[in-house]
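K.L.:
Quick one: the structure is below, and I'll ask about it shortly.
Please treat every number below as a calculation from the coordinates, not as lab data. In this text, all values refer to a predicted model and were calculated from it rather than measured experimentally. Counting neighbours? That spans all protein chains shown, and the Cβs are built from the backbone with ideal geometry, glycine included.
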Ligand SMILES: [Zn+2]
């Protein structure tokens, strides 16, 4: 328990530092946001290139002080999405869940590669926490995303439950768990007893003040909808367990919107059979990438200014 408290203290401090560092960076380089806006304006202006030549000759509008401020805020809030850290859950000495001939650490590595390919096809830059069968602690994963300045963090998992009837797709973001089911999943993924999750929830209340809960929830909703949409379009049966909040260690300390996807229960016969099918995995992977692209589009559409 002492280790957990120290860990959270360290995490809280590190997140606190994040905000200060961003503010400091903004003070030192106030033009960074304006440059981002200029690039963004150029992208937005692209469709206009199809218009008559007279329209093309108009000079670009000057970047006002208000625009500069807006973009500095966007940058500070991390509302730009290009580089995505994909985290294949477990690995090395930690196999994760095992059932029906599936081992979670192998599934997540395969799925991470698929998701990476799907995202690259949509123009994103993709990096991985692990690309082989190596062990990483739960804290090292968001740390790697922070070090690489990733814009999003996506942790990939498969679920398991002692009840073999449990099945379905779940997408999580870091917050207080609102159901016993969510507590059970977090306890298993964190490798701790359920009781420790209850203790953790008290500490989490403070932690929530400084993490990107709102953005992570929105990302989780887009990702979940993308996966479901892709499967349903292909007329593949899937049980929708929805977007959920839970205190996952692997999401703590991430300075960017961060989610954890449980792609199905390997402890359920039907889910496990699906999770072995190439076409099913591809549909999920493409759907997740589509959901993330949708998240990016919505951010751009709702950007202030
Ligand atoms: Zn897992």
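K.L.:
Roughly how many nanometres apart are two label points built 7 Å out from the Cα toward the Cβ at residue 165 and residue 149?
P.N.:
About 5.2 nm separates the two model spin labels.
K.L.:
For 217, 277, what ranking results if the residue with the fewest other Cβ atoms within 10 Å of its Cβ goes first?
P.N.:
Details: 217 19, 277 11.
Exposure proxy ranking, most exposed first: 277, 217.
K.L.:
Further question: For the pair residue 127/residue 234, report the inter-label distance in nm, with labels modelled 7 Å from Cα in the Cβ direction.
P.N.:
Each label point is offset 7 Å from its Cα along the Cβ direction, giving 3.0 nm.
K.L.:
Taking Cα pairs under 8 Å and at least six residues apart, what relative contact order does region 161-244 come out at, in percent? Show your work: numbers first, answer last.
P.N.:
Details: 63 pairs, mean separation 44.2, N = 84.
This gives 53 percent for region 161-244.
K.L.:
On to the next question. If I model a spin label as a point 7 Å beyond the Cα along the Cα-Cβ vector, how far apart are those points for residue 178 and residue 196 in nm?
P.N.:
2.6
K.L.:
In addition: Evaluate E = 1/(1 + (r/R0)^6) for residue 302 and residue 82, where r is the Cβ-Cβ distance and R0 equals 30 Å; express this FRET efficiency to the nearest 0.05. Present the calculation step by step, with values, prior to reporting the outcome.
P.N.:
On the way: r = 18 Å, r/R0 = 0.59.
Rounded to the nearest 0.05, the efficiency is 0.95.
K.L.:
I need the shape label for region 103-232. Rule: rounded when a/c is under 1.5, else prolate if a/b > b/c, else oblate, with a, b, c from the alpha carbon gyration tensor. Please list the in-between numbers first.
P.N.:
Values: a/c = 1.41, a/b = 1.23, b/c = 1.15.
Rounded, since a/c falls under 1.5.
K.L.:
Classify region 74-140 as rounded, prolate or oblate from the Cα gyration tensor: take a ≥ b ≥ c as the square roots of its eigenvalues, call it rounded if a/c is under 1.5, otherwise prolate when a/b beats b/c and oblate if not.
P.N.:
Working: a/c = 2.92, a/b = 1.79, b/c = 1.63.
Verdict is prolate for region 74-140.
K.L.:
I've got another one for you. How many angstrom separate the Cα center of region 134-158 from the Cα center of region 253-275?
P.N.:
Region 134-158 and region 253-275 have Cα centres spaced 15 Å from each other.
K.L.:
Let a ≥ b ≥ c be the square roots of the eigenvalues of the Cα gyration tensor of region 182-281; is it rounded (a/c under 1.5), or, if not, prolate (a/b larger than b/c) or oblate? Spell out each step's value before the answer.
P.N.:
Details: a/c = 2.89, a/b = 1.59, b/c = 1.82.
Oblate, because a/c is 1.5 or more while a/b does not exceed b/c.
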